[in-house]
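Worksheet: the structure to be examined is printed underneath.
The values are calculated or read from the model by the stated rules, or taken from the named source; none is laboratory data. Being a predicted model, the structure only gives us computed values, none of them experimental. Ideal geometry is used to build each Cβ from the backbone, glycine not excepted, and the neighbour counts take in all protein chains shown. These area figures cover heavy atoms from the full protein model, side chains too; ligands, DNA and RNA do not enter into them. Shrake-Rupley method; radii C 1.70, N 1.55, O 1.52, S 1.80 Å.
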Amino acid sequence: MSLHPNNVPYKVPMPNNMGVMRYLLVLSVFVTHYNILTGTEYGFFIEGYDAVGCFFSLSGFLVYGSYLRRRSHAGHYLSGYFKSRALRLLPAYVTTVLFFAIVLVAVSTLPAWQYFGSWHFWKYLGANLGFVNFVEPTLPGVFEGMRMDAVNGSLWTMKIEWMLYLAVPVLVWLSARLHNRATAVLTTVYLLSAAWVVIFFHLHENSGRGIYEILGRQVFGQLCYFCSGVLIYYWFDELMRRRWLMLAVAVLCYYSVSFLDFGLGLLFRPIGLTYIVIMLSMTGRWGTWEGKRDNVSYNIYLVHWPMTQVAVVLGLPEALGDGLSFAVVLFATVVLSVLIAVLVEHPLRRYYGPRINGKRA
């Protein structure tokens, strides 16, 4: 049974601009992390943290609908849902963790036998393959004395992505139990999540303790972005009919931190930013050219941090200058991302992907 207002699971219009939007968002994250790791101050039209929230928004918009479409068919839809999510996330993620854990022995201060034989190395592998990067973010003798010694500071979001995927069946079940009041359920979760962010923002501001900032951006703090994407999925047709009026409202919501109390403005910022990103993704054909080739924005997200760290170790910013170094790191990151897609993701998806007429899609 569908929970969409039009009584059918909405299918995302194709072609659209979402692929290019993903590249713009991941470029924002790349710029933010490059600045952190090298000490540069390059600007971008959207902050890296906001871009991460937008990725969760796009997940809500796309994944919720995918789950509903699976749910509308007979069979083991739940296992199929998680299999499709695993096939999307795991190949590139596992490859990234293993690849850098092995090759970074080249920049470790320890000899290879001591590096691979240390408990530290195996703890890193176990923690990161288990999506708990915070348990062990470093490798033995790697990136010591640098601005940040974390091997891959981008991986903290991956456990949140999985938790949001797990939340989808719960949200659908809860909406059904409450007589298909999906909008009410999602709005309530959104407000609770946004309130969580505001509370921990004020705790951090008043105490200066970093733990509050960390807690504020964990999974419950990201649900407001995810639920924003789902709400726009539910009411997509209505919102797009009034897209320009709603865009004006969304811009006001996004910039509400400028004319309201900053903490209060955080209540409105996620839904405003989500609508802006999805509306731009679905309006016009300015980015439809991207759909003709593979999108490797996810892979870029995974590998850009350690690639930047390696560039710093090799002294590229000093040798080439900040601008050329940035371009070299970005190019190398894209090349590695494409290689992961071609050598790892494509073969696995051909073998484990869905069947059409008895053949692999």
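When each of 220, 236, 226, 268 is tested for being of a type in the set (Phe, Trp, Tyr) and more than 21 Å from the chain's Cα centre (by Cα), the lone residue that passes is 236. Suppose we keep only residues that are in a loop (DSSP other than H, G, I, E, B) and in contact with a Lys or Arg (Cβ under 9 Å, 6 or more places away or on another chain) within segment 11-39. Which one would you say is modelled with the lowest pLDDT? Applying the filter and picking the extreme gives 11. Of the helices (runs of 4 or more DSSP H) contained entirely in segment 87-180, those carrying at least 2 residues that are within 24 Å of residue 227 (Cβ to Cβ) and open to solvent by 10 Å² or more (accessible area, probe 1.4 Å) fall at 156-177. Which residue pairs have Cβ atoms under 8 Å apart, sit 6 or more places apart or on different chains, and have a first residue in segment 114-141 that is closer than 15 Å to residue 306 by Cα and in contact (Cβ under 8 Å) with a residue 24 or more places away in the chain and a second that is of a type in the set (Phe, Trp, Tyr) and open to solvent by 40 Å² or more (accessible area, probe 1.4 Å)? From residues that are closer than 15 Å to residue 306 by Cα and in contact (Cβ under 8 Å) with a residue 24 or more places away in the chain, the pairs are 133/156. In segment 202-220 there is no residue matching the filter, namely being touching a Ser or Thr at 6+ places or on another chain (Cβ under 6 Å) and among the hydroxyl-bearing types (Ser, Thr, Tyr). Residue 313 falls short on exactly one of the conditions (1) open to solvent by 60 Å² or more (accessible area, probe 1.4 Å); (2) more than 30 Å from residue 39 (Cα to Cα); (3) touching a residue at least 60 places away in the same chain (Cβ under 8 Å), and that condition is (2).
Can you name every residue in segment 206-222 that is assigned to a helix (DSSP H, G or I), of a type outside the set (A, V, I, L, M, F, W, C) and free of Cβ contacts under 8 Å to residues at least 40 places away in the same chain?
206, 207, 210, 212, 213, 216, 221
For segment 181-192, taking the residues that are surrounded by 16 or more Cβ atoms within 10 Å (Cβ to Cβ) and at pLDDT 90 or above, the one that is farthest from residue 272 (Cα to Cα) is identified as 185. Evaluate segment 60-75: report whether one residue or more is open to solvent by 70 Å² or more (accessible area, probe 1.4 Å) and within 19 Å of residue 153 (Cα to Cα). Checking segment 60-75: not a single residue is open to solvent by 70 Å² or more (accessible area, probe 1.4 Å) and within 19 Å of residue 153 (Cα to Cα). The single condition from (1) open to solvent by less than 80 Å² (accessible area, probe 1.4 Å); (2) out of contact with any Phe, Trp or Tyr (no Cβ under 7 Å at 6 or more places or on another chain); (3) not hydrophobic (A, V, I, L, M, F, W, C) that residue 306 fails is (2).
Restricting the first member to segment 179-197 and to residues that are over 16 Å from residue 268 (Cβ atoms), and the second to residues that are open to solvent by 50 Å² or more (accessible area, probe 1.4 Å) and assigned to a helix (DSSP H, G or I), the beta-carbon pairs closer than 8 Å and six or more apart or on different chains are 185/174. Here segment 40-51 is the region considered, the condition is being part of a helix (DSSP H, G or I), in contact (Cβ under 8 Å) with a residue 24 or more places away in the chain and not hydrophobic (A, V, I, L, M, F, W, C), and the residue that is nearest to residue 318 (Cα to Cα) is 49. Before we move on, is residue 83 touching an Asp or Glu at 6+ places or on another chain (Cβ under 8 Å), in a helix (DSSP H, G or I) and either charged (D, E, K, R) or surrounded by fewer than 17 Cβ atoms within 10 Å (Cβ to Cβ) (or both)? Criteria not met by residue 83. Only one entry in 212, 234 is in contact with an Asp or Glu (Cβ under 9 Å, 6 or more places away or on another chain) and either open to solvent by less than 40 Å² (accessible area, probe 1.4 Å) or not small (Gly, Ala, Ser) (or both), namely 212.
Does any residue of segment 342-361 turn out to be under 30 Å from residue 12 (Cα atoms), at pLDDT 90 or above, within 22 Å of the chain's Cα centre (by Cα) and not aliphatic (A, V, I, L, M)? Checked segment 342-361: at least one residue is under 30 Å from residue 12 (Cα atoms), at pLDDT 90 or above, within 22 Å of the chain's Cα centre (by Cα) and not aliphatic (A, V, I, L, M).
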